[in-house]
Amino acid sequence: MLSLVPVVLLFFQAQGSMPSPAFENLEREQMMRRVEPMSSSTPSKEADRRAIAYEEQQFVNKFNNLMKRLLDFAGQYNAGHTVDAKRIKEVKKAWRDLEKTDAWFKPEVDGGCGHAALSQSSH
């Protein structure tokens with residue numbers, strides 16, 4: 001329940017301010033173009049950059065799916081003040097999918113107390 005608090009906060013903050021996927025892609029492309037001249041493009045660095053960009057895109061897609069499911073659930077609830085079990089399952093599935101895509105959600109390997117790793121990679 002405690003892990004749902006940040007998502008709910010993001011949900012309420014992002015209700016009217018979710019940019020379109022086309023805008024996100026354009027913004028990311030412009031950012032990558034600014035970074036490219038600064039770095040030397042060796043094949044391994046290029047492959048690393050592409051892998052990071054792919055992982056980031058997967059996270060963005062899963063997060064957007066979660067937000068869509070939350071908005072669907074909230075709209076249905078606000079309209080009828082009833083809880084739809086199907087929409088709850090969709091939200092839970094979207095949350096699990098998001099957890100699978102990012103290292104931030106995965107437990108630490110060093111035998112810690114089971115908390116999520118906050119910084120396993122530098123993006």
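Could you please find all residues in the range 41-67 being among the basic types (Lys, Arg) and over 14 Å from Trp104 (Cβ atoms)?
Lys45, Arg49, Arg50, listed by residue number.
Give the range 52-65 a look and list any residue that's of a type in the set (A, V, I, L, M) and within 14 Å of Ala103 (Cα to Cα), or say none. Quick ask: steps written out before the conclusion?
Within the range 52-65, the subset of a type in the set (A, V, I, L, M) is 52-53, 60.
Selection gives Ile52, Val60.
Pull out all pairs, ordered by first then second residue, where Cβ-Cβ is under 7 Å, the residues are six or more apart or on different chains, the first lies in the range 54-77 and is without any contact (Cβ under 8 Å) to a residue 24 or more places away in the chain, and the second is surrounded by 16 or more Cβ atoms within 10 Å (Cβ to Cβ).
Close Cβ pairs satisfying both conditions: Asp72/Arg87; Phe73/Arg87; Phe73/Val91; Gln76/Arg87.
Could you check the range 16-123 for helices (runs of 4 or more DSSP H) lying wholly inside it with 2 or more residues that are modelled with pLDDT under 70, exposed (fewer than 13 other Cβ atoms within 10 Å of the Cβ) and out of contact with any Gly (no Cβ under 8 Å at 6 or more places or on another chain)?
Qualifying helices (runs of 4 or more DSSP H): 21-35.
The values are calculated or read from the model by the stated rules, or taken from the named source; none is laboratory data. Not measured: the values here are computed from a predicted model. Note that each Cβ is placed from the backbone with ideal geometry, even for glycine, and that neighbours are counted across all protein chains shown.
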